[in-house]
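Input: a single structure, listed below in C-alpha cells.
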Amino acid sequence: MVARMSDTSPRVRGWDAASDLEKDPAVVPNPATTSVPAELRATIEEAMTRYPDPRSAAIPALHAAQEVHGWCSPEAIEQVACVMALTPAYLDSVATFYDMLETTPVGRHSVYVCTNISCSLRGADALYEAIRAAAGEAPELNVRSFECLGACDIAPMASIDGVYVGPLTTDDVPQLLKDIRAGQDVLPEKQLARRPCADPKAIG
Amino acid sequence: MKLLFDRIDEPGLCTREVYERRGGYESLRRALALTPDGVLKQLEASGLRGRGGAGFQMGKKVSFLPQGSMDKYLVCNADESEPGTFKDRELMQKSPHMLIEGIVIASYAAGANRAFIYIRGEYVLQADILDAALVEARAAGYVSEDILGSGHSLSLVVHRGAGAYICGEETGLLDSLEGKRGNPRLKPPFPANQGLYQGPTLINNVETLSTVPTIIRMGGAEYAKLGVETSTGTKLVSVSGHVQRPGNYEIELGIPSREIIYGLAGGPPEGREVKCWFPGGSSSPVLTGEDLDIPYDFDSLAKAGTMLGSGAIIVVDDSTPILDVALKVAKFYRHESCGKCTPCREGTNWTVKMLERIDAGEATPMDIEIMTSVQEHIIGNCLCVLGDAMAMPIGSMIAKFREEFEEHIETARSALSYV
C-alpha cells in the first residue's frame, strides 16, 4: 500500500515506516568497541567545548560526520553518539529534522536549486528540471529543489557545495555541471561573492 | 541616508583594519564608558524596532531581562529564511565587524556574558567570514574577558544551523541551539525570562544588532529623528521577483512603497503591471497594484492589514496566475511545518491539496469556502506563527483574487475531457 500522507511535513520523516520489533533498542555506544576516526573525534570534541551544554554540538557534530561518511549513515550516527555519549535514536531524531542532513545515501556534490517564490517567478522551475535532466542518474551529484536560500537578488540561483551562483539560465547548465565534475570553481563570474550591493548609493 | 550600507562595498571592509580605519569599534569604547543602563537608555530613545519580523522595540526587549548575577545569554538570529529576505546575508558578508560590535554593546546593556550567532547552515560563505572576523575581534580584545578594561566579559560562538525555516522562530532556534529538533516552545515563559539553557536570553536579528553601533555613535534621540514617529531609522529592504533591479536597498522608513518598487528596483519588466506584492516576506498578506502609495513603515502597513515583517518585498506581475503564487507559498509552509501542532501540520497540507485540486480541475466553488475556513482555523491556534504565516497570505489572496480562483476552477474543470 502506498503511504497515504508521504507528502506531508518532511520534518516528521519516517513516521509511517515500520520499525523492527525484533531488534533491541540501541544504547549509547561503547567507546571501547566503537571505532571513530581520530580527526572526526577531535572535531566533535572541540565543538562540544564551545557550549555550556555539550549537547548543543549535535548539529556541528552531525555536519562533521556527514562530511566524512557522505551522509548521516547508521555508522556515522553511531560514531557521533559514541563521542557525545548520546543514544543513536536521539541523534537520528535531530538528523531527520534538518534539510541539510542527509538520511539516505546521496552524491558527493550537493546542488541545491532554489525553487521558492522569488526564484520561481524568474524561471527556477525550468532551471531545476534542466539541471535534473542534465545530471541524469550521475552518482556523484545530489540535485535537490530547495526552499528559499536567501539570494533572491540573483534569482534563479543554486548553491553548489555551498557556493551561491546566479542568475542562471538553462544555457548555463552544461558549464555548471562541467565545472562541478572537474572540481573547478563553479561559474566564477556568476558567484554571489563577487556581486556588488544593488543600492546605488551604497558605494559612497 | 546610508547608515548600514554606508560604503558597504569598500574592499576589505570585512577586515578589522579597514573597519577600524572607518571609525569601527569607536561606538564600543563609547558604550563601555557609559553604564549598562546608560546604553539601554540610548537604545530606548532610538525607538529601534526589531528588524527580524515582529517589529518589537529593541530597548524594551533588553529591559525585560531580569537584573542579577545569573547566567544571561544573547542570541543573534541569523537564520534568515523568510522567503524573499536576503539583507542579513549582505550585512554579514560585507560588514561582519559591525554585527560583532553591535553584539558586544548589546550584551553589555543586557548583562549577558555568553553570546551566539545562529546562522543558517546554507550561508557557508557568510559563516566563514564571521568566523574570521571573530578571530580578529578576539585578538583585539573586543570579545574577551574584561573587554577594554571595562569589567564586562563576553564569549561569542558562530553556530551553523542545518536547514530548517522554523529555526528562525526564536524558541525553535533556542531548542535547535541546544542540540535538539527545532520545535517551538510554548510561550510564556518568554525567552527574556527562560530562554537558552533556561536562562534569561535576549534574541535579536542581525540587522537590529548591526544598527546598535550607529545608535551609540549618533545618540538615540538623533537616530529617532530618522524615519517616522513609530518607525524610526533606516531599514534594509530586499526587493525580488518581477522587478528590473532586484537587490537590497537601504531606505528611510515611511517613504512611499512605490518609490522602492519602481524608483529603486525599477518596477516590473516593460509592459507589465504589478499584480500583487508581499511587503514583508511570503508570510505577509499580499497587497495589490492599488496599494503602492502606502508608506513603507510598520504601522502604515499594519493599518493596511499586512505587515512590514522582515522587509522583503516580493513583486508579482500580471503574467502570473494567482494560483501559482498561492501554491508555491502553501507548499513551502507545508514543507517547513515542524509537525507539532495539528492545525498547522494538517492545515498546510490540506491547503496544498485543495489548491492542487483547483489546478487539476477537480474542485468546486465550495472548495474556496473550505479553504478560507481552514485558514481561519489555523490562525491563533498553534504554538508559533508558522501556520499563521501561511494562513494570512493565502487568506488575503482568496479575499483579493476570489474571482480569479473561481475562474481557474471553471477553466480547469471544463478542460477535463470527461466533464
TODO: Classify the range A:27-95 as rounded, prolate or oblate, taking a ≥ b ≥ c as the square roots of the eigenvalues of its Cα gyration tensor: rounded when a/c is under 1.5, otherwise prolate if a/b is larger than b/c and oblate if not.
DONE: rounded
Open item on the list: Helix-only estimate, please: 222 nm mean residue ellipticity of chain A, summing -39500 (n - 2.57) across DSSP H runs of length 4 or more and dividing by its residues, to the nearest 500.
Closed with: -10000 deg cm²/dmol
- [ ] Within 10 Å of each residue's Cβ, count the other Cβ atoms and sort B:Lys41, A:Lys23, B:Lys328, A:Lys201 from fewest upward.
- [x] A:Lys23, A:Lys201, B:Lys41, B:Lys328
Task: Charge dipole (the range B:234-317, unit charges on Cβ, about Cα centre) - positive-most of B:Ile255, B:Ile294, B:Pro269 - done: B:Pro269
Task: Gap separating the Cα centres of the range B:98-126 and the range B:195-233, nearest whole Å - done: 13 Å
Open item on the list: Suppose each label sits 7 Å from its Cα in the direction of the beta carbon; what would the B:Glu362-B:Ser414 distance come out to in nanometres?
Closed with: 2.2 nm
Task: R0 of 22 Å, Cβ-Cβ distance B:Glu259-B:Asp318: FRET efficiency to nearest 0.05 - done: 0.55
Open item on the list: Within 14 Å, Cβ to Cβ, of B:Arg245, how many net charges do the neighbouring residues add up to if Lys/Arg are +1 and Asp/Glu are -1?
Closed with: -1
TODO: Work out the FRET efficiency for B:Phe64 and B:Asp128 from their Cβ-Cβ distance, taking R0 = 30 Å, and round it to the nearest 0.05.
DONE: 0.35
TODO: Starting from the Cα of B:Lys72, draw a straight line to each of the lysines and keep only those under 30 Å, dropping any in the same chain fewer than 8 residues away.
DONE: B:Lys41, B:Lys60, B:Lys61, B:Lys87, B:Lys94, B:Lys180, B:Lys187, B:Lys235, B:Lys340
Open item on the list: At a 10 Å Cβ-Cβ cut-off, how would you order B:Thr364, B:Thr211, fewest neighbours first?
Closed with: B:Thr364, B:Thr211
- [ ] Just add up the charged neighbours of B:Arg357: K/R +1, D/E -1, any other residue whose Cβ is under 11 Å from the Cβ of B:Arg357.
- [x] -2
- [ ] Taking every pair of alpha-carbon atoms in chain A, give the share separated by more than 22 Å as a whole percent.
- [x] 59 percent
TODO: Note down the net charge around A:Leu127, summing +1 for each Lys or Arg and -1 for each Asp or Glu among other residues with Cβ under 11 Å from its Cβ.
DONE: -2
TODO: Find the Cα radius of gyration of the protein assembly as shown, compare it with 2.2 N^0.38 Å by division, and give the number to two decimals.
DONE: 0.95
Task: Label-point separation, B:Asn381 to A:Glu67 (7 Å along Cα→Cβ), nm - done: 4.5 nm
Open item on the list: For the pair B:Arg29/B:Asp293, report the inter-label distance in nm, with labels modelled 7 Å from Cα in the Cβ direction.
Closed with: 5.0 nm
- [ ] Name the shape class, rounded, prolate or oblate, that the alpha-carbon gyration tensor gives for the range B:323-415, where a ≥ b ≥ c are the square roots of its eigenvalues, rounded holds for a/c under 1.5, and otherwise prolate holds if a/b is larger than b/c and oblate otherwise.
- [x] prolate
Open item on the list: Taking 56 Å as R0, compute the FRET efficiency from the Cβ-Cβ separation of B:Arg402 and A:Asn30 and round it to 0.05.
Closed with: 0.35
Task: Prolate/oblate/rounded label for the range B:16-224 (Cα gyration tensor, a/c 1.5) - done: rounded
- [ ] Work out from phi, with θ = phi - 60° and the Karplus expression 6.51 cos²θ - 1.76 cosθ + 1.60, the ³J(HN,Hα) of each residue of the range B:340-357, listed in order in whole Hz, and give x for Gly and Pro.
- [x] 6, 9, 4, x, 6, 4, 7, x, 5, 5, 4, 4, 4, 5, 5, 5, 5, 5
- [ ] Output ³J(HN,Hα) for the range A:143-156: one whole-Hz value per residue in order, computed from phi by the Karplus curve 6.51 cos²θ - 1.76 cosθ + 1.60 with θ = phi - 60°, and x for Gly and Pro.
- [x] 8, 9, 8, 10, 6, 2, 8, x, 8, 5, 6, 10, 5, x
Task: Ranking of A:Asp16, A:Asp24 by count of other Cβ atoms within 10 Å, fewest first - done: A:Asp24, A:Asp16
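Readers should treat all values here as calculations from the given coordinates under stated rules, not as data from a laboratory. None of these values were measured; they are calculated from a predicted model. No Cβ is skipped: glycine too gets one built from the backbone with ideal geometry, and neighbour counts run over all protein chains shown.
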